[in-house]
Protein chains: 2
Amino acid sequence: MGNGVLAELLRANDAFYGVFAAGDIEGMDALWAVRAPVACIHPGWPALHGREQVMSSWREILLDGEAPQIRCEQPHAFAVGDAGIVTCIELLADNALAATNVFARENGLWHLVHHHAGPLQPAEVGFDPGQTIN
Amino acid sequence: MGNGVLAELLRANDAFYGVFAAGDIEGMDALWAVRAPVACIHPGWPALHGREQVMSSWREILLDGEAPQIRCEQPHAFAVGDAGIVTCIELLADNALAATNVFARENGLWHLVHHHAGPLQPAEVGFDPGQTIN
């Protein structure tokens, strides 16, 4: 796997946080795989499986009031065969999460097949997320 | 991908929790990929990358006192190309976590390339983990 693949994965990851921060449910839908099985673990939630459950959860999150203040920091991509993984830190208005995003190719483009985010201990982040997001 | 692959993934996931609960650091080392890049997000920690960092964290966790009381519940496997993902709930002595384990094949056997565990809200589990683990 060359650096080109890792750059593509980082761009796909950026696109995910772009639609997330914009509250763009149609953009979010387009980023998730259609043929591959998908799953999602939101902070504190058990795993959701299947496109219907996963997209329903994103509608609940993105269409419930204001668009979330979220920013991705420290993304790190690696490829596993024909799948790709990006780990990163998610900075929200009032806390920070550690995230895993798993991607697979469909129609030549990386699509999400799994997202997992869970709380980070503030001491592990090294800064106050409340002061660094606008 | 047939059911055989999913059954293999579930067995690899069981093996992971077996060595975890036994505090078996050599068994844990043998379950992680050697050629593929690896990463790990322990509860509250940022992502660790690379075999050295990841195995060092497992030594810290497994060799620090008693073997952890941990049990895997509700495992759900799915394949993504030549990678495999298992989501599950981890029941510990005093809390519950949602976990993602990502596997790749090396020498024909599924090996861990990524583990991510984060706290589950007790209400989402539907039972008191303190009462169900022995």
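The values are calculated or read from the model by the stated rules, or taken from the named source; none is laboratory data. Computed from a predicted structure; not experimentally measured. Note that each Cβ is placed from the backbone with ideal geometry, even for glycine, and that neighbours are counted across all protein chains shown.
Just a few scattered comments:
- Some residue of the range A:88-106 being touching a Leu at 6+ places or on another chain (Cβ under 7 Å) and more than 19 Å from B:ALA99 (Cα to Cα): no
- So B:ALA7, is it under 27 Å from A:PHE103 (Cβ atoms), among the small types (Gly, Ala, Ser), at pLDDT 95 or above and surrounded by 15 or more Cβ atoms within 10 Å (Cβ to Cβ): no
- Considering the range B:16-47, and only residues there that are surrounded by fewer than 18 Cβ atoms within 10 Å (Cβ to Cβ) and under 22 Å from A:ALA83 (Cβ atoms), the residue that is nearest to the chain's Cα centre (by Cα) turns out to be B:VAL34.
- Test: residue in the range A:31-54 that is of a type in the set (S, T, N, Q) and closer than 22 Å to B:LEU120 by Cβ: yes
- Residue list for the range A:80-130, restricted to those being within 30 Å of B:GLU106 (Cα to Cα), modelled with pLDDT under 90 and not charged (D, E, K, R): A:GLY81
- Filtering the range B:45-63 to residues that are part of a loop (DSSP other than H, G, I, E, B) and either under 25 Å from A:ALA47 (Cα atoms) or not hydrophobic (A, V, I, L, M, F, W, C) (or both) leaves B:TRP45, B:PRO46, B:ALA47, B:GLY50.
- Some residue of the range B:12-32 being in contact with a strand residue (DSSP E or B) (Cβ under 8 Å, 6 or more places away or on another chain), in a loop (DSSP other than H, G, I, E, B) and aliphatic (A, V, I, L, M): no
- Conditions (1) touching a Leu at 6+ places or on another chain (Cβ under 9 Å); (2) more than 21 Å from A:CYS88 (Cβ to Cβ): number failed by B:GLU66: (1)
Residue by residue, here is whether (1) touching a residue at least 24 places away in the same chain (Cβ under 8 Å); (2) more than 7 Å from chain A (Cβ to nearest Cβ); (3) of a type in the set (Val, Ile, Thr); (4) out of contact with any Ser or Thr (no Cβ under 8 Å at 6 or more places or on another chain) holds:
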site: B:LEU48; (1), (2), (3), (4): no, yes, no, no
site: B:SER56; (1), (2), (3), (4): no, yes, no, yes
site: B:PRO68; (1), (2), (3), (4): yes, yes, no, yes
site: B:CYS72; (1), (2), (3), (4): yes, yes, no, yes
site: B:GLY81; (1), (2), (3), (4): no, no, no, yes
site: B:GLY84; (1), (2), (3), (4): yes, yes, no, yes
site: B:ALA93; (1), (2), (3), (4): yes, yes, no, yes
site: B:LEU97; (1), (2), (3), (4): yes, yes, no, yes
site: B:ARG105; (1), (2), (3), (4): no, yes, no, yes
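- Exactly one residue out of B:GLU66, B:GLU73, B:GLU90 is among the charged types (D, E, K, R) and over 21 Å from A:CYS40 (Cα atoms), and it is B:GLU66.
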